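Novice: Have a look at this one before I ask anything.
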Amino acid sequence: RLQPGRNITPVRLFCRFLLTRLKEFCGEFLKKKLNLSNCVAVHSLAHMYSLNQLALKAQDMIRRNFHKVIQDEEFYTLPFHLIRDWLSDSEITVDSEEILFETVLKWVQKNPEERERYFEDLFKLLRLSQMKPTYLTRHVKSERLVSSNEACVKLVSEAVESHALRSENLQSGNLQHSACPVALLPRFGQNMDVIMVIGGVSEGGDYLSECVGYFIDEDRWVNLPHIHNHLDGHAVAVTESYVYVAGSMEPGFAKTVERYNPNRNIWEQVSNLITRKHSFGLTEVKGNLYSIGGHGNFSPGFKDVAIYNPEQDKWLNLESAPKILRDVKAVSVEDRFVYVAARTPVDSDSEDGLRAVIIRYDAETRQWQDVESLPLIDNYCSFQMSVANTNFYHTASCCPKSYPIDNEEAKVKISGRASDEILESLPPEVLSIEGAAICYYKDDVFIIGGWKNSDDIDKQYRKEAYRYCAERKRWMLLPPMPQPRCRATACHVRIPFRCLQGTQRYPMPQNLMWQKDRIRQMQERQMQEIHRHSLSLRRMPRSQIEC
């Protein structure tokens, strides 16, 4: 029973208890509902009501997806102190410092009268040395808010000067990132361009779970996390958020599919393929993956077409192709049409009984049509068509590429006569390599690894890598891979700088360690059997051995 003056304190304590429980309940509810569209608002709300766990989770989501969050108009309603805090954070995921500069400008322009006074403080938090020199001089220096501020002009001049010094040091080979001031390094969360090499077979015939990457900006190779499967003859496809690899010549892994998450620098298992296969095509259309054709160890090949929905993590068979398609390479246009270069079995006297075909698949109508060539849209397509009739191309893996152009425009670029101009500076011996990995970065083309047959017994495994530079219109020899490998796949991916800095080391996955131990034990038992057998032969009379 309530009595004036006697029950007030217990009631207040009870209300405070209820409010605390209510806050906890609301915090847990918002944690479950947290996504990219509401993380900025939830983060502000969590700080307002001291929901610490919710604030940390929202903060982590914003940090890992900062390059997407700044596309949301709600971000530009944040007060100065929160914008300052985010720009001070070296872990935010960004595509470039140029974009951060434009973000600061946009935030100021939303309320110039109130916000222009904060511009200098925010500008000082940008890593100007990570911007391209041309961007600094043409865009940053000429911006009114910069040119009218003496401190900002000085920072731009220092950044341009640092680029000049860096260029001199690169030419003399003196640049050491470990000795660089933090301000001259990329943010740990900045996405960097890497050519990722996945799986394959090493010189000793061992499967390679180690992945490596060619760090384009630093012209060096870095270690990346191991895959969990033995991949040989596998397919690769790159989506906005992941790198998918699927299939293998190794039967135990021929249905497996994994995806690499660059944001977290880990491999994740997803649903298996429906059919065990290798040497097939894998490409993305409208957010779904399409698996096309392929080859089985005990099959002449497949006509299969299957679609994978990442949201449902499920594969579904579609209508088959009109013919068997092996050694598939694919490019897509208009986010609908898939152009496929492949080989199909034929009854002929040819050495391998296979004929090269090029065919177009309409992902909407699921209709097929023979075409004369891949559309010669850029250097990547032109290079493929210039080597289309070679064993180098048939045995290589090619990362699929998507083009935003209209299919009618692509049709105009179909031609049966591809120019050989792109091959002019390529060393002739490269085209005698088999099992190479081919991929692209912008309009450049990469050729990585493979083997060269010196005779029927000895295969010379390669660790060379070549890059066709579109700007210079010539091929360049890159630093060699850490170890030779063939029948790998390669693709361009953007990986946060934190995963590339220094010398990274990654453990082999436990499932492959166990398998390696089983193989070693089996080999030891086989050697013991051979040894026992040889001893028993020595004990036999000579006449029995001759018989």
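Novice: Pairs of Cα atoms under 8 Å, at least six residues apart: use those to get the relative contact order of the range 65-184, whole percent.
Specialist: Once divided by the residue count of the range 65-184, the mean separation gives 22 percent.
Novice: Going by how many other Cβ atoms sit within 10 Å of their own, how do His163, His43 line up, fewest first?
Specialist: His163, His43
Novice: Sticking with this one: Sequence-distant or interchain residues sharing an amide H contact under 5 Å with Val94, placed H: which?
Specialist: For Val94, the qualifying residues are Gln190, Asn191.
Novice: Taking the 0 to 90 degree range and rounding to the nearest ten, how far is the long axis of helix 39-48 tilted relative to the main principal axis of the chain, both from C-alpha atoms?
Specialist: 40
Novice: Rounded, prolate or oblate, given the Cα gyration tensor of the range 369-496, with a/c below 1.5 counting as rounded?
Specialist: Prolate.
Novice: Also, quick follow-up: Specify whether the C-alpha gyration tensor of the range 191-508 places it in the rounded, prolate or oblate class, a ≥ b ≥ c being the square roots of the eigenvalues: rounded for a/c under 1.5, otherwise prolate if a/b is larger than b/c and oblate if not.
Specialist: Rounded, because the longest to shortest axis ratio a/c is under 1.5.
Novice: Now a separate question. Can you run phi through the Karplus equation (6.51, -1.76, 1.60; θ = phi - 60°) for the range 121-138 and list ³J(HN,Hα) in whole Hz, with x for Gly and Pro?
Specialist: 4, 6, 4, 5, 8, 7, 8, 4, 5, 8, 8, 5, x, 5, 5, 4, 7, 8
Novice: Hey, another quick one. Please give every one of the aspartates and glutamates within straight-line cross-link reach of Lys459, meaning a C-alpha to C-alpha distance under 19 Å, and leave out same-chain neighbours fewer than 8 residues apart.
Specialist: Qualifying aspartates and glutamates at Cα under 19 Å: Glu203, Asp206, Asp232, Glu429, Glu434.
Novice: Can you tell me the 0 to 90 degree angle between the C-alpha axis of helix 8-33 and the longest principal axis of the chain, rounded to 10?
Specialist: Approximately 30 degrees, to the nearest ten.
Novice: Per-residue HN-Hα couplings for the range 402-412, Karplus 6.51 cos²θ - 1.76 cosθ + 1.60 at θ = phi - 60°, whole Hz, x for Gly and Pro?
Specialist: 10, 10, x, 6, 5, 5, 5, 5, 5, 4, 5
Novice: OK, next. Where in the range 231-339 are there trypsin sites (Lys or Arg not before Pro) that are in a DSSP coil and have at most 13 other Cβ atoms within 10 angstrom of their Cβ?
Specialist: Sites meeting the loop and neighbour criteria: Arg264, Lys286.
Novice: Now a separate question. Enumerate the amide H contacts of Leu318 below 5 Å, restricted to partners 5 or more residues apart or on another chain; note that Pro and chain-start residues carry no placed amide H.
Specialist: Val305, Ala306, Ile307
Novice: Where does helix 52-64 land angle-wise versus the long Cα axis of the chain, in degrees 0 to 90, nearest 10?
Specialist: Once rounded, the angle reads 50 degrees.
Novice: Please state the relative contact order of the range 191-508 as a whole percent: Cα pairs under 8 Å, 6+ residues apart?
Specialist: Result for the range 191-508 is 19 percent.
Novice: Here's another thing I want to ask about it. Can you show me the helix-derived [θ] at 222 nm for the chain, built from DSSP H runs with n ≥ 4 at -39,500 (n - 2.57) apiece and divided by the number of residues, rounded to the nearest 500.
Specialist: Only helices count here, giving -9000 deg cm²/dmol.
Novice: Under 20 Å Cα to Cα from Lys154, which aspartates and glutamates show up? Leave out anything in the same chain fewer than 8 places away.
Specialist: Glu97, Glu98, Glu102, Glu116, Glu120, Asp121, Glu143
Novice: I've got another one for you. Counting only chymotrypsin sites (Phe, Trp or Tyr not before Pro) that are in a DSSP loop and have at most 15 other C-beta atoms within 10 Å, tell me the longest site-free stretch of the chain.
Specialist: No qualifying site falls inside 299-547, the longest such stretch.
Novice: Now for a separate question. Using Cα pairs closer than 8 Å and at least 6 residues apart in sequence, work out the relative contact order for the chain, in percent.
Specialist: 11
Novice: Which residues' amide hydrogens lie under 5 Å from the amide hydrogen of Tyr440, considering only partners 5 or more residues apart or on another chain, with H built in the peptide plane?
Specialist: Phe446, His492
Novice: Counting other Cβ atoms within 10 Å, keep those with at most 13, restrict to DSSP loop, and tell me which GluC sites (Glu not before Pro) in the range 252-352 are left.
Specialist: Glu311, Glu319, Glu351
Novice: Dividing the alpha-carbon radius of gyration of the chain by 2.2 N^0.38 Å (N being the number of residues), what value is obtained?
Specialist: Taking the Cα Rg and dividing by 2.2 N^0.38 Å, one obtains 1.20.
Novice: Would you kindly derive the ³J(HN,Hα) couplings of the range 260-269 from the backbone phi angles with the Karplus curve 6.51 cos²θ - 1.76 cosθ + 1.60 (θ = phi - 60°), listing them in order in whole Hz, with x for Gly and Pro?
Specialist: Karplus-based 3J(HN,Hα) across the range 260-269 equals 9, 9, x, 4, 9, 6, 9, 9, 10, 7 Hz.
Novice: Which value results when the Cα radius of gyration for the range 333-413 is divided by 2.2 N^0.38 Å?
Specialist: So the range 333-413 has a normalised radius of gyration of 1.15.
Novice: Hey, which of these cross-link pairs are over 30 Å Cα-Cα: Lys32/Lys286; Lys329/Lys452; Lys141/Lys286; Lys33/Lys329; Lys323/Lys411; Lys314/Lys411?
Specialist: Long pairs (Cα-Cα over 30 Å): Lys141/Lys286; Lys33/Lys329; Lys314/Lys411.
Read the figures in this text as sums done on the coordinates, not as results from a lab. Only a predicted model underlies this, so the values are computations on that prediction, with no experimental measurement involved. FYI the Cβ positions are ideal-geometry reconstructions off the backbone, even for glycines, and counts take in every protein chain you see.
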